[in-house]
Amino acid sequence: NAAPNRLNNASAKSLFLCGQEFESDDYTNLTDRIIEQVNCGLHRQRGHPLWLLTNRIVGHFNANYTRSRSRPLFTVVDNLSPIVTPEQNFDSLLIPADHPSRRPSDVYYLNRGRLLRGHTSAHQCDLLRQGLDAFLVVGDVYRRDEIDRSHFPVFHQMEGVRIYSQEQLFAGAKDSADSLRMFDRSRNRTDEQQAGHSVETSKLLEHELKSCLEGLARRLFGSSIAYRWVPAYFPFTHPSWELEVRHSQSDGGEADWMEMLGCGIVEQRLLDGCGLPNRTGWAFGLGLERWAMQLFSVPDIRLFWSKDPAFLAQFAQPCQPGADLWQPVQYKPISVYPPCPMDLSFWLPAADASFHSNDFYDLVRSIAGDLVEQVSLIDEFRHPKDGRMSLCYRIVYRSHERTLTSEEARTVHDQIAKSAVTRLAVQIR
Ligand code: FA5
Ligand code: MG
């Protein structure tokens with residue numbers, strides 16, 4: 001269906017997305033800018049750096065994980081609709097009813113019954129129920145999040161899931177395979193393992209998961225890549241980790257660690273719920289933009305949205321049919337334009353609990369679009385007498401296509417101030 005995505009009008013009762021009409025309600029919080037980007041699917045556009053990265057990752061998995069007669073082990077799914085139910089995005093993943101990630105301040109709802117997936121994990125249970133035992137899901141995901149060089153409200157993830165039967169898990173342990181058991185009901189949950197998993201299961205799954213991801217990182221970034229595992233928490237895996245890699249900023253700043261993915265051992269309760277009580281497995285979700293930034297030395301996540309032929313041309317060569325996907329590509333900045341920082345201070349409405357910083361970020365984003373590079377809270381202050389709260393945000397404007405004049409930035413900044421007053425009921429200081 002070719003009908004464009006749109007909000008019907010300012011007081012929209014319904015919205016059109018991916019050729020379908022959705023009634024709006026008190027949860028509806030999609031902005032026009034996000035609606036324009038729904039189903040963008042940069043990973044499916046041959047020639048785009050995310051296409052190149054996706055194809056390298058899939059190529060690596062297909063070369064290293066096979067079934068009999070060298071058929072790929074992992075099924076690749078890259079065309080699922082980003083419109084999902086709260087059941088898919090949250091409940092099926094054991095995310096508690098009061099979890100902050102469900103709040104309209106954190107995700108984009110079409111209405112109470114539909115939202116834009118906040119992660120590719122939303123498809124885990126459906127695919128497991130369909131009988132897949134090893135799969136990669138690639139897709140665009142949507143989050144109301146902070147604004148900086150490595151966060152964008154629309155980005156792309158790749159999910160990987162692999163589950164094992166007892167025979168498959170211990171297939172490598174030749175002599176002792178028969179005596180090893182996947183489950184040991186006497187074992188309790190600890191920081192290191194789930195209740196009911198045998199010691200061998202916990203150790204093997206962790207090893208398989210980490211070596212899979214370390215292998216991927218080395219194949220993509222080279223064997224000298226510096227990385228570290230950081231313990232993490234997800235409701236749908238235990239134990240869980242994040243992988244960080246050393247990231248040297250292109251502006252000569254200090255080396256930094258960048259979070260590249262989350263992963264862990266799939267909660268047994270989730271597998272039970274999918275009708276798979278005698279399987280165990282692991283899952284990961286990686287941020288494709290983060291990997292592409294590291295791999296191609298792209299300094300800012302907004303560049304992936306650039307339609308500038310000078311940007312895309314830098315990735316064209318290895319994307320040609322028949323070309324070597326792995327030939328090195330290093331992004332060379334087309335040019336660097338100066339940043340233009342401006343501060344905005346305001347008093348919050350008397351009931352300041354109704355103010356969410358993500359509402360402000362969305363407002364900034366919907367007015368300034370890609371001209372906004374970063375928004376940071378630089379000061380907070382409560383009036384000693386009347387108890388009102390005052391916030392000061394620094395907004396950095398910068399274009400990747402031209403030098404912004406300070407008048408231009410000022411005009412945008414003034415619009416933001418004005419609409420913060422009308423839409424968020426704040427009072428400019
Ligand atoms: C998740 O989304 C989990 N679903 C990952 C997972 C899957 C865990 C399976 C366990 C098992 P997280 O919110 O940390 O986790 O996001 C995963 C990755 O997406 C991050 O490590 C980062 O690389 C990337 N990412 C997160 N937020 C953004 C953003 N706003 N912009 C760009 N990339 C982001
Ligand atoms: Mg994380």
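Based on every Cα atom in region 11-78, Rg and the maximum pairwise Cα distance Dmax equal 18.6, 58 Å. Using the beta-carbon distance between residue 379 and residue 68 and R0 = 60 Å, what value does 1/(1 + (r/R0)^6) give for FRET efficiency, to the nearest 0.05? The computed FRET efficiency comes out at 0.40.
Per-residue Karplus couplings for region 122-131, computed as 6.51 cos²θ - 1.76 cosθ + 1.60 with θ equal to phi - 60°, are listed in order as 3, 9, 3, 5, 4, 6, 5, 5, 6, x Hz, Gly and Pro entered as x. Number of Lys-Lys pairs in the chain with C-alpha atoms under 28 Å apart and a separation of 8 or more places or on different chains: 5. Would you work out what percent of the accessible area of the chain, with all protein chains in place, is carbon or sulfur (probe 1.4 Å)? Ligands and nucleic acids excluded, carbon and sulfur give 47 percent. Rounded to 0.05, the FRET efficiency of the residue 26 and residue 101 pair, given R0 = 22 Å and the Cβ-Cβ distance, is 0.70. Given C-alpha coordinates of region 340-428, what is the ratio Rg to Rh with the Kirkwood estimate of Rh? Over the Cα atoms of region 340-428, Rg/Rh equals 1.00.
For trypsin sites (Lys or Arg not before Pro), the sites in region 324-386 that DSSP calls loop and that have at most 16 other Cβ atoms within 10 Å are 385. The equivalent ellipsoid of the chain has semi-axes of 39, 27, 22 Å, largest first, where each one is the square root of 5 times an eigenvalue of the Cα gyration tensor. Taking every alpha-carbon pair under 8 Å whose residues sit at least 6 apart, region 340-428 reaches a relative contact order of 43 percent. Simple point charges give the picture: +1 on the Cβ of Lys and Arg, -1 on the Cβ of Asp and Glu, and for the chain a dipole about the Cα centre of about 600 debye. Annotation for region 71-106 versus region 360-390: alpha-carbon center distance of 30 Å.
Per residue, region 340-428 exposes 50 Å² of accessible surface when a 1.4 Å probe is rolled over the protein heavy atoms with every protein chain present. With r as the distance between the Cβ atoms of residue 357 and residue 410 and R0 = 22 Å, compute the FRET efficiency 1/(1 + (r/R0)^6) and round to 0.05. For residue 410 and residue 357, the calculated efficiency is 0.45. When the trypsin sites (Lys or Arg not before Pro) in region 65-105 are filtered for DSSP coil states and for at most 15 other beta-carbon atoms within 10 Å of their beta-carbon, the remaining sites are 67.
In the full protein context, region 219-301 carries 40 Å² of accessible surface per residue, based on a 1.4 Å probe and ignoring ligands, DNA and RNA. Out of 204, 264, 110, whose Cα points farthest toward the positive end of the dipole of the chain (charges: +1 Lys, Arg; -1 Asp, Glu; placed on Cβ)? Checking the options against the dipole of the chain, the answer is 204.
The values are calculated or read from the model by the stated rules, or taken from the named source; none is laboratory data. Note that this is a predicted model, so its numbers are computed, not measured. So basically every Cβ, Gly included, is an ideal-geometry build from the backbone, and we count neighbours across all protein chains shown. Heavy atoms of the whole protein, side chains included, go into the accessibility calculation; ligands, DNA and RNA do not. Shrake-Rupley method; radii C 1.70, N 1.55, O 1.52, S 1.80 Å.
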